[in-house]
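Asks: Handing you this structure, nothing more for now.
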Amino acid sequence: MSAQQLERSISVSSILRFTFPTIIMMVFTSIYSMVDGIFISRLVGADAISATNIVYPVIYIVIGLGSMLGAGGNAVLAKKLGEGRSREACEDLSFFTLFSFLLVVGFSAFCLLAIKPLLYALGTNDRLYPYCRDYFFVSVCGFPAYMLQLIFQNYFITAGRPNLGLISSVAAGIINAILDYVFIAVFHLGISGAALATLTGYLIPAATGLIFFSHNKGGLCFRRPRLRLRLLLQALANGSSEFVSNVATALIFLVLNIVTLRVLGEDGLAAISIVLYSQFVFTAVYMGYSSGVAPLISYNYGAGNIQNLHRIFRICLGFVIASSVLMTVLPLFLAKPLMAVFTPRDSAVFSIAVHGFLVFSLGYLFAGLNIFSSAFFTAFSNGKVSAIISFSRTFALILPALLLLPHFIGGDGIWLAIPIAEALCFFLSLYFLKTRRIQYQY
């Protein structure tokens, strides 16, 4: 993004216009992930949807790597643009992209070599293993494209083209949904077809980013990369909260799968998989807004524009409060029709999922501030505070709740673990926002 594009008057309308493409992009990306779940659940079966939940911890590792290098690198790039160092920003963009790609290729190779022991370590059983294996193999082959999609979603914003990320994501989602039907319903490829459709969708934003940054010579673009190890470490530290958050989520998925299979069985695991697909759409609003506004925060911090930082912070708090209330109320009306899209109303999975979704949605009241606070401190290049918030909400507070509550209140303990963790982390976020206000003058 050019300095002129980031250097804008700050108002509610201007920030919403600036973040809207990223919000829609995140929501749409979540929706086409949910479409996968619908096709898998309806056309392949409950065991197949359970298998996707077992595989997800590894996918979250890739999301963590991409988010770390996307968000962490973005803070570096936006700050350099704010300081007028455009050429260096372009060189760093190239280096971050190349490093990200090579990193995920190595990770993918490891996953393919250790596929069977890895899946059993993730909690699969003999009944679910064939579904897990088929879905996992195709998904891993798509990891390099997925990594590029993740980092470019961040870099499009800083390049002043958030709409490009939106358009490519929408196109990917449409292609994914069409191919889900073609591969599963027409060619009967089962769960492998769903993974193949998703992989094809990844290729569109990845290719869009490569083409755009190769030709965007007047702004942020690819130049010959310069090896700056200190800068790479800074970017990794900046984005460490995103990595920690996603790795912690992967571990929580692992524990969640094991506990759910023990307490609620295969139907319960299918139900919680469906609820988590729905959760992606709700939290995508917070994540999209936080990612969208982060370059504005980084730029104005780098430029020393304290007045704009004050305005951005107040507007963001207002958005978070309003959206949090809305996200908590909506499930009261959407629980039954949304769950019915995935599974028949007369099924055991449906009744478990509806009850669980209503309990689970209590966490949306607190999740917005936690997600924003983590991204907020990442934008200031304070990876430490951001990581503490992310680690707390995604692991440190959830794990004990998930291990203890089911012993006392059964299945409801599984559904309540995340809302309780979000509520406790809410107060931690408030503490950091208050105590760091003088330091960053927002």
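Asks: Among Ile59, Ile10, Ile23, which is the only one that is open to solvent by 10 Å² or more (accessible area, probe 1.4 Å) and modelled with pLDDT under 85? Reasoning before the result, please.
Replies: On the way: Ile59 fails: modelled with pLDDT under 85; Ile23 fails: modelled with pLDDT under 85.
Ile10 is the lone residue from the list that is open to solvent by 10 Å² or more (accessible area, probe 1.4 Å) and modelled with pLDDT under 85.
Asks: Just to be sure, is Thr208 of a type in the set (Val, Ile, Thr), without any contact (Cβ under 8 Å) to a residue 60 or more places away in the chain and crowded, with 18+ Cβ neighbours inside 10 Å?
Replies: It is true that Thr208 is of a type in the set (Val, Ile, Thr), without any contact (Cβ under 8 Å) to a residue 60 or more places away in the chain and crowded, with 18+ Cβ neighbours inside 10 Å.
Asks: Next question. Consider Val255 carefully, then state whether it is modelled with pLDDT under 90, of a type in the set (A, V, I, L, M) and in a helix (DSSP H, G or I).
Replies: Considered against the rule, which asks whether it is modelled with pLDDT under 90, of a type in the set (A, V, I, L, M) and in a helix (DSSP H, G or I), Val255 comes out as no.
Asks: Taking the options Arg262, Arg345, name whichever one is modelled with pLDDT under 90 and surrounded by fewer than 15 Cβ atoms within 10 Å (Cβ to Cβ). Let's see the steps before the verdict.
Replies: Numbers: Arg345 fails: modelled with pLDDT under 90.
Selected residue: Arg262, the only one of Arg262, Arg345 that is modelled with pLDDT under 90 and surrounded by fewer than 15 Cβ atoms within 10 Å (Cβ to Cβ).
Asks: Same structure, new question: Only residues that are of a type in the set (S, T, N, Q), within 15 Å of Ala48 (Cα to Cα) and crowded, with 22+ Cβ neighbours inside 10 Å: list them for region 167-192, please.
Replies: In the first step, residues of region 167-192 are kept if they are of a type in the set (S, T, N, Q); the result is 168-169, 176, 192.
After this cut, where a residue has to be within 15 Å of Ala48 (Cα to Cα) as well, the list is 192.
Result: no residue meets the conditions.
Asks: Another question about this same structure. Exactly one of (1) in contact (Cβ under 8 Å) with a residue 60 or more places away in the chain; (2) open to solvent by 10 Å² or more (accessible area, probe 1.4 Å); (3) over 19 Å from the mean Cα position of the chain (by Cα) is unmet by Thr198. Its number?
Replies: (3)
Asks: Taking region 110-135 as the search range and keeping residues that are open to solvent by less than 50 Å² (accessible area, probe 1.4 Å) and small (Gly, Ala, Ser), which one is farthest from Gly265 (Cα to Cα)?
Replies: Ala114
Asks: So which of Leu203, Leu251 is among the aliphatic types (A, V, I, L, M), under 17 Å from Gln153 (Cα atoms) and open to solvent by 30 Å² or more (accessible area, probe 1.4 Å)?
Replies: Sole residue among the options that is among the aliphatic types (A, V, I, L, M), under 17 Å from Gln153 (Cα atoms) and open to solvent by 30 Å² or more (accessible area, probe 1.4 Å): Leu203.
Asks: Quick check, is Ser386 in contact (Cβ under 8 Å) with a residue 60 or more places away in the chain, within 21 Å of the chain's Cα centre (by Cα), buried (at least 19 other Cβ atoms within 10 Å of the Cβ) and closer than 19 Å to Met327 by Cα?
Replies: No; evaluated as a whole, the condition is false for this residue.
Asks: Scanning region 141-166 for residues that are touching a Gly at 6+ places or on another chain (Cβ under 8 Å) and of a type in the set (Ser, Thr, Tyr), which turns out least open to solvent (accessible area, probe 1.4 Å)?
Replies: Tyr155
Asks: Restricting to helices (runs of 4 or more DSSP H) lying wholly in region 1-108: which have 1 or more residues that are in contact with a Cys (Cβ under 8 Å, 6 or more places away or on another chain)?
Replies: Those helices (runs of 4 or more DSSP H) span 12-39, 46-82.
Asks: Which is touching a residue at least 24 places away in the same chain (Cβ under 8 Å) and either in a helix (DSSP H, G or I) or surrounded by fewer than 21 Cβ atoms within 10 Å (Cβ to Cβ) (or both), of Ser361, Ser351?
Replies: Just one listed residue meets the conditions, Ser361.
Asks: List the helices (runs of 4 or more DSSP H) inside region 128-218, counting only whole elements, that have at least 1 residues being within 30 Å of Leu81 (Cβ to Cβ) and modelled with pLDDT of 95 or more.
Replies: The helices (runs of 4 or more DSSP H) meeting that bar are 143-158, 190-215.
Asks: Applying the selection to region 273-310, what residues are closer than 24 Å to Ile414 by Cβ, of a type in the set (S, T, N, Q) and open to solvent by less than 10 Å² (accessible area, probe 1.4 Å)?
Replies: Listed by number, the residues that qualify are Ser273, Ser278.
The values are calculated or read from the model by the stated rules, or taken from the named source; none is laboratory data. Since this is a predicted model, take the numbers as computed values, not measurements. FYI the Cβ positions are ideal-geometry reconstructions off the backbone, even for glycines, and counts take in every protein chain you see. With ligands, DNA and RNA removed, areas are computed over all heavy atoms of the protein, side chains included. Shrake-Rupley method; radii C 1.70, N 1.55, O 1.52, S 1.80 Å.
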